[in-house]
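Notes for the one structure printed next.
Any read-out appearing in this document is the output of simple, stated calculations on the displayed coordinates, not a laboratory observation. Everything numeric here is computed off the predicted structure, so don't read it as measured data. Glycine also receives a Cβ, built like all others from the backbone with ideal geometry; neighbour counts cover every protein chain displayed.
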Amino acid sequence: DLDEKALKNEQEKTGESGKRDVFLVGCLLYFMAVGSIPEELEIMAKDQLLGEKIEESPKLPKSGLMRDDVRRITKMCLERKERNRPSIEELKTELLSAIGFLPSDQNGEAEDEETTETPKRRSSSATPNLALT
């Protein structure tokens, strides 16, 4: 049963395995940008849930269908090699940066996790239009 295998793999995760979740976020970004997921990507997502390796990174639609930031982040998430995908924390930083949020630290370095400040948002004139379609 797919659910039992996925749960077992989730429980057996090691250092890089969390990057399987990043792949699934990439699938979600793809769906949100394009409105559907091709069968090939759906199969890759199931393989990732089962802990199987994928042979090659999925092809993204022509650049006109995805904004540059969305395309770049989606491509990073859908990288075939887990070790080349961003960590959850790196992905969080990429997404916040893409929508115009910056860390409140003036040096651009991430703050300690214990800090609960809301990140500062760039002015609306500096915020890119990130419409997904």
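Suppose each label sits 7 Å from its Cα in the direction of the beta carbon; what would the Ser57-Met32 distance come out to in nanometres?
In this crude label model, Ser57 to Met32 measures out at 2.0 nm.
Assuming a ≥ b ≥ c are the square roots of the Cα gyration tensor eigenvalues, decide whether segment 12-99 counts as rounded (a/c under 1.5), prolate (otherwise, with a/b larger than b/c) or oblate.
Since a/c reaches 1.5 but b/c is at least a/b, the shape of segment 12-99 is classed as oblate.
Go ahead and collect, in residue order, the members of segment 23-60 whose backbone nitrogen is under 17 Å from a label point 7 Å along the Cα-Cβ direction of Lys92.
23, 25-26
Using unit Cβ charges (K, R positive; D, E negative) and no other charged atoms, how large, in debye to the nearest 20, is the dipole of segment 12-99 about its Cα centre?
240 debye
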